[in-house]
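FYI, it's all coordinate maths here, none of it is from the lab. Given the structure is predicted, the values throughout are model-derived calculations rather than measurements. Note that we place each Cβ from the backbone using ideal geometry, even for glycine, and neighbour counts take in every protein chain shown.
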Amino acid sequence: MRSISTISRRGLLTAALPLLAGLRPAGADVIFTPEQFIILPLRIHLLRSQVADLNCSLTPADARKLLAGINGIWRQAGIQFYAESLLEEKAEAAGLYASLEASRTEAHLRLIRPRETRTPATFHLYLVQEIRPNGVCLEFSHELVFVKATAELRRVEGGCREFLPRVSAHELGHALGLEHRQDTFNLLASGTTGTLLNETEIDLSRLNAGKFAGRLTPQQAMQMAVNRGGNGSALYEVLAALPGGGVAAEARKRLESLRAMRPRPTS
């Protein structure tokens, strides 16, 4: 499978953008119907380590809240991510990474990815405690997205209230082929809480999302969730948040049923 990082973000893709303009509503507020949403798999890695910088303090509950925030931002583009898996795992080569000290670069983050859970079949979000930038997407690759739990941003009017969802959504934007654009209120601006995307950015991110082999339509995501039985909640949660439609209603119904089946805590 071709990595999104290998897809040219210029040339043919740029030439195709005018053709895409007619496939979605015009205007500043882009609204997609439920059927137009693209569902992408995201593997969330909560890295643990004796090396303090790599020992992420976030919990699985924090990660689920983070994902909801990411999806709130990407909703404007008709793109949503579902938790393909949520892993708490030991950082790879932590000792080597720590030993590099001042000579360490962002590229060395490649070293800390656990080998057993690498795959090009899903987007990856690696959460650590501390790195120099708030986050980084190496080589515009969907396999190389890193964000620190201690991220801080400059607040702007109308921006995201919480820092981590914005930083993560920003880096996933790079994984979808978007470059920095220093408009204070834009999602691709550096260091602010801005979350907006312009029409060209929406078109390009949807074009690249549509080329990802693991993409799902809402109908496909629903069928996958049904096939997973009691393990389909991650997909149902994303589908239930779609802007109306039969799939969203069915997802909410099935999600409620799964929750009702969970054993209640005893006092």
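What the table below lists for this structure:
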| item | result |
| --- | --- |
| By average C-beta atoms within 10 angstrom, highest first, the peptides 220-233, 76-89 | 76-89, 220-233 |
| Lys/Arg +1, Asp/Glu -1 at C-beta; the chain dipole; positive extreme among A102, A248, V167 | A248 |
| Nonlocal amide H pairs with K90, under 5 Å, H built at 1.01 Å | R48 |
| Anchor K253: lysines whose Cα lies under 26 Å away (excluding residues fewer than 8 positions away in-chain) | K65 |
| Computed [θ] at 222 nm, deg cm²/dmol, the chain (DSSP H ≥ 4; -39,500 (n - 2.57); rounded to nearest 500) | -10500 deg cm²/dmol |
| Test item: Cα-centred dipole of the chain, Lys/Arg +1 and Asp/Glu -1 on Cβ, debye | 560 debye |
| Rounded if a/c under 1.5, otherwise prolate or oblate - the chain, Cα gyration tensor axes | oblate |
